[in-house]
Amino acid sequence: MAYFETKNLTFTYPQSSKKALDNVNLNIKQGEFVLIMGKSGSGKSTLLRLLKKEISPVGDISGDIDVNCEPIGFVGQNPETSFVCENVRGELAFALENQGLSNDEITVKIGETASFFNLNNILDKKIDELSGGEKATVCIASSMIYDTQALLLDEPLGALDLQLRRAMQIELKKLQKKLGITFIYITHDQEEALTMSDTIVVMNQGYIQQIGTPEDIYNEPENAFVADFIGDSNILDGTMIQDKVVEILGVKIPCVDEGFGNNTPVDVVIRPEDIEIVEPEKGFMEGDITSVIFKGVHYEIEIMANGFEWLVHTTLLHNAGEHVG
Ligand code: ADP
Ligand code: MG
């Protein structure tokens, strides 16, 4: 049985002419780490709020939502705004209120949670004295303290700087695996998406564009939107001449794709790391390097060839002005 399932879910806010969610079909199982990504305004938060039924937004709704787990924790973008107590211990205790626990049981739960999340040395600190990462951790700890079966996270690391965000991503992923609870995690950050989840849902204007593993989404994007959204890419108009042969910029090139029929217009996506720079006469096209930028792990190179500015990633050094294949 799915923990969260939506069927043809469509939602429109009052006084809005445009659907915030349009025919969304999702099936999220126990223990899954699902990441929902899309630009600002694509409907991510609306979807999350509908899945956490008790804070449902008001509006015109059709389709089905089926939720088969509880309790469900929620972590928003600014942990600060959800804090209600002065210090960390109080915050954790507050999360356990109304659960019918005795004081002793509450003390034990707080102790366990503090150890699990490494909060022992900040338990009695004031919330105001915490760093951004500590605040995020306390917020996640308190939303999980009462045997949470699923955690919904709406850009929980958005306020942190890059280095801390990366560290927290790794911690969160470990935590999810260790506890085996279901995570539904929203982000607009493509790196976060590729590194964290089992499944990525790409949204655009209320629609789901593609659902797949990070590898599927990166290597086999279903359309140019997804390709452009995740990772860098060269996107061109092409023609599938026949199975396994595509024509781009007047050149016929072998490819792995089939089933498009003959002479069918297609969008062609070529990842920059999949292009090899060779001697001029040995390539499919000849061109001139217009720029070379050192990026640490690789060089980012632009090449003008057949009227198209190609983006190429390579670990081999080339120079601007070089004529290449
Ligand atoms: P995301 O989280 O992907 O940025 P949202 O779910 O917040 O997207 O918003 C989806 C769409 O719904 C946007 O067009 C947004 O302007 C609109 N919207 C969000 N909240 C409200 C609201 N409370 N009232 C009216 N429109 C809203
Ligand atoms: Mg949002």
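On the basis of being over 23 Å from Thr182 (Cβ atoms) and either of a type in the set (Lys, Arg) or touching a Cys at 6+ places or on another chain (Cβ under 9 Å) (or both), does Lys109 make the cut? Working first, answer last.
Numbers: over 23 Å from Thr182 (Cβ atoms): no; either of a type in the set (Lys, Arg) or touching a Cys at 6+ places or on another chain (Cβ under 9 Å) (or both): yes.
The answer is no for Lys109.
Would you check which residues across the stretch 112-131 are surrounded by 14 or more Cβ atoms within 10 Å (Cβ to Cβ), assigned to a helix (DSSP H, G or I) and without any contact (Cβ under 8 Å) to a residue 40 or more places away in the chain and list them?
To start, the set of residues in the stretch 112-131 that are surrounded by 14 or more Cβ atoms within 10 Å (Cβ to Cβ) comprises 113-114, 116-117, 119, 122-123, 125, 127, 130.
Going one step further and asking which of them are assigned to a helix (DSSP H, G or I), we end up with 113-114, 116, 122, 127.
Within the stretch 112-131, Thr113, Ala114, Phe116, Ile122 qualify.
Taking into account only those residues within the stretch 58-71 that are out of contact with any helix residue (DSSP H, G or I) (no Cβ under 8 Å at 6 or more places or on another chain) and part of a strand (DSSP E or B), which is farthest from Asp22 (Cα to Cα)? Lay out the reasoning, then the answer.
Step one: list which residues in the stretch 58-71 are out of contact with any helix residue (DSSP H, G or I) (no Cβ under 8 Å at 6 or more places or on another chain), which gives 58-60, 62-64, 66, 68-71.
After this cut, where a residue has to be part of a strand (DSSP E or B) as well, the list is 60, 62-64, 66.
Values: Asp60: 12, Ser62: 10, Gly63: 10, Asp64: 12, Asp66: 17 Å.
Of everything passing the filter in the stretch 58-71, Asp66 is farthest from Asp22 (Cα to Cα).
Yes/no per residue for (1) surrounded by fewer than 20 Cβ atoms within 10 Å (Cβ to Cβ); (2) under 18 Å from Ala193 (Cβ atoms); (3) within 11 Å of ligand 1 (Cβ to nearest atom):
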site	(1), (2), (3)
Thr12	yes, no, yes
Gln15	yes, no, yes
Asn23	yes, no, no
Ser40	yes, yes, yes
Leu50	no, no, yes
Lys53	yes, no, no
Asn68	yes, no, no
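Give Leu35, Leu47 a once-over and let me know the one that is within 16 Å of ligand 2 (Cβ to nearest atom), in a helix (DSSP H, G or I) and either in contact with a Leu (Cβ under 6 Å, 6 or more places away or on another chain) or not hydroxyl-bearing (Ser, Thr, Tyr) (or both). Write out each step before concluding.
Values: Leu35 fails: in a helix (DSSP H, G or I).
After applying the criteria, what remains is Leu47.
Pull out all pairs, ordered by first then second residue, where Cβ-Cβ is under 7 Å, the residues are six or more apart or on different chains, the first lies in the stretch 246-275 and is under 12 Å from Ile235 (Cα atoms), and the second is part of a helix (DSSP H, G or I).
Pairs that qualify, where the first residue is under 12 Å from Ile235 (Cα atoms) and the partner is part of a helix (DSSP H, G or I), are Asp267/Ala224; Val269/Ala224; Val269/Ala227.
What is the number of the single condition among (1) in a helix (DSSP H, G or I); (2) within 12 Å of ligand 1 (Cβ to nearest atom); (3) in contact (Cβ under 8 Å) with a residue 40 or more places away in the chain that Leu92 does not meet?
(2)
As an exercise: evaluate Phe229 against (1) within 29 Å of Lys18 (Cα to Cα); (2) more than 16 Å from ligand 1 (Cβ to nearest atom); (3) buried (at least 17 other Cβ atoms within 10 Å of the Cβ) and give the number of the one condition it does not meet.
Going through the list (1) within 29 Å of Lys18 (Cα to Cα); (2) more than 16 Å from ligand 1 (Cβ to nearest atom); (3) buried (at least 17 other Cβ atoms within 10 Å of the Cβ), Phe229 breaks only (2).
Scan the stretch 153-176 and report the pairs whose first residue is closer than 15 Å to Ser131 by Cα and among the aromatic types (Phe, Trp, Tyr) and whose second residue is more than 16 Å from ligand 1 (Cβ to nearest atom) and modelled with pLDDT of 90 or more, with Cβ atoms within less than 9 Å and a gap of 6+ or a chain change.
Pairs found: none.
For the stretch 25-38, which positions are within 19 Å of Leu175 (Cβ to Cβ) and within 9 Å of ligand 1 (Cβ to nearest atom)? Full working, then the answer.
Filtering the stretch 25-38 down to residues within 19 Å of Leu175 (Cβ to Cβ) leaves 28-36.
Ile36, the sole residue that qualifies.
Suppose we filter Pro254, Pro265 for residues that are exposed (fewer than 12 other Cβ atoms within 10 Å of the Cβ) and farther than 30 Å from Met37 by Cα; which single one remains?
Answer to the check: Pro254.
Could you list, in sequence order, all residues of the stretch 232-241 that are surrounded by 14 or more Cβ atoms within 10 Å (Cβ to Cβ) and not in a loop (DSSP other than H, G, I, E, B)?
Once the filter is applied, which keeps residues that are surrounded by 14 or more Cβ atoms within 10 Å (Cβ to Cβ) and not in a loop (DSSP other than H, G, I, E, B), the stretch 232-241 yields Asn234, Ile235, Leu236, Gly238, Thr239, Met240, Ile241.
For Ala193, work out the one condition from (1) assigned to a helix (DSSP H, G or I); (2) away from ligand 1 (no atom under 16 Å from the Cβ); (3) under 30 Å from Phe225 (Cα atoms); (4) of a type in the set (A, V, I, L, M, F, W, C) it doesn't fulfil.
(2)
State which residue pairs qualify: first residue in contact (Cβ under 8 Å) with a residue 40 or more places away in the chain and inside the stretch 45-60, second residue in a helix (DSSP H, G or I) in any location, beta carbons under 6 Å apart, and separation of 6 or more residues or different chains.
Partner pairs satisfying both residue conditions: Pro57/Arg49.
The values are calculated or read from the model by the stated rules, or taken from the named source; none is laboratory data. Quick caveat: nothing in here was measured; it's all calculated off a predicted structure. Note that we place each Cβ from the backbone using ideal geometry, even for glycine, and neighbour counts take in every protein chain shown.
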